[in-house]
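Here the structure comes first, spelled out in structure tokens, and everything after it is commentary.
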Amino acid sequence: MTALRSRYPGLRPFDPEEQQNFFGRTEEIEALCRLLDLDRLIILHGPSGMGKSSLINAGILPALSNVRRWEVPFHIVKVRFTNYDPTISRIRQQQSGTPVQDLVKDPVDRFIEACLGPDHRWPEVLPLPKPSFWLSAKQVMVDQEIHPLRLVFVLDQFEELFTYPEERVNEFAFQLGELYHQVQPEAIRRGLARKRILEGEAPGPQPGPHEVALLEQIDSALDVKILISMRSDKLHYLERLKPYLPEMMLNSFELRSFDREQAKGAILEPASLEGPGFLSPPFEIGEAVMTEILGFLEDKLTRRIEPAQLQIICQHLEQRMAAKAKKKSR
């Protein structure tokens, strides 16, 4: 039996499948999509509770996936970072059921797995110690059937990267810099040279079509975009990456809390949605109740409303409506 879904997810982020009941962020979605169309590296930042992950999942990703909108279609690779602290990871494991080893996975391995999948077996095309971001991106291009294609790497909860040991952070930054600057890694150059020498001395078996396609991509340019999402109070961590990515802070976008009109849309629109599968039937929110909700949530100085708090209130309201409808149907 399919579990009923809430119109309001509460404290957890919206999923991509919940884009139909994601409202209040139209302007932000359009602005970020324009930035990604024009530039190659964007920093999305905001305080905790602003809904950055929700904006990515239910706003940015669906918009970029709309192939009819873009002259060159996007292929999205999303990487969500988690805290390195094993104690915190065990708590999260108990909450989510995710194995601890997956929660504390090395950030380089996490990135490559997001590109190629958890069960991917790297083809022995080049004598390399391990795959790199750059070569993984080439492999993604080979695996896709649409060309030309833009690769968008979405790095969510990026502040968590800096909880890992410094050498792992530096390795991640080094490889991300190679990918962004389109620098063929030294290991790739050495691998290609060694391959030519070995084939000249003793030609080996002919590579299969997949390996041939990858080798043909080695010298072609990549159209790469990078969207980094992180908390505003952790932006200073990005200074540590500037030796590898000097352009790190050139393009940033601050995600602010809702104004009253955005908040109204985020409350009213999901409540009115028709269709099966919701926890409650559609319901209306009167003007007096809306005024009371907004007045309770609104910051008295900024006159703005935090999305996380709004979701908690609305989820509670929906649960009451579901209980009322269930009682009425008896």
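FYI, it's all coordinate maths here, none of it is from the lab. What you are looking at is a predicted structure, and each value in this text was computed from that prediction instead of being measured. Backbone-built Cβ (ideal geometry, glycine too); neighbour counts: all protein chains shown.
How would you rank D119, D106, going from fewest to most other Cβ atoms within 10 Å of each one's own Cβ?
Ordered from fewest to most neighbouring Cβ atoms within 10 Å, D119, D106 come out as D119, D106.
Which residues' amide hydrogens lie under 5 Å from the amide hydrogen of K78, considering only partners 5 or more residues apart or on another chain, with H built in the peptide plane?
Hits under the 5 Å cutoff: V154.
Taking only C-alpha pairs under 8 Å that are 6+ residues apart, what is the relative contact order of region 260-329 in percent?
39 percent
Which residues among region 269-296 fall inside the zone where the amide N is under 13 Å from a point 7 Å beyond the Cα of E27, along Cα→Cβ?
Residues passing the 13 Å test: none.
With label points built 7 Å along Cα→Cβ from the Cα atoms of S252 and N170, find their separation and express it in nm.
2.5 nm
Taking the Cα atoms of region 272-330, what is the range of coordinates along each of the three principal axes, in descending order and whole Å?
On the principal axes, region 272-330 reaches 46, 21, 16 Å in Cα extent.
Fewest first, what order do T26, T82, T87 take by the number of other Cβ atoms within 10 Å?
Going from least to most buried by this count: T87, T26, T82.
Give the calculated FRET efficiency between L268 and A193 to the nearest 0.05, with a Förster radius of 56 Å applied to their Cβ-Cβ distance.
That pair, L268 with A193, gives E of 0.35.
Could you please rank R40, R240, R320, placing first whichever residue has the fewest other Cβ atoms within 10 Å of its Cβ?
Sorted ascending by nearby Cβ count, the order is R320, R240, R40.
Under 14 Å from the Cβ of H75, count the other residues' Cβ atoms, weight Lys and Arg +1, Asp and Glu -1, and hand me the total.
Net charge around H75: +1.
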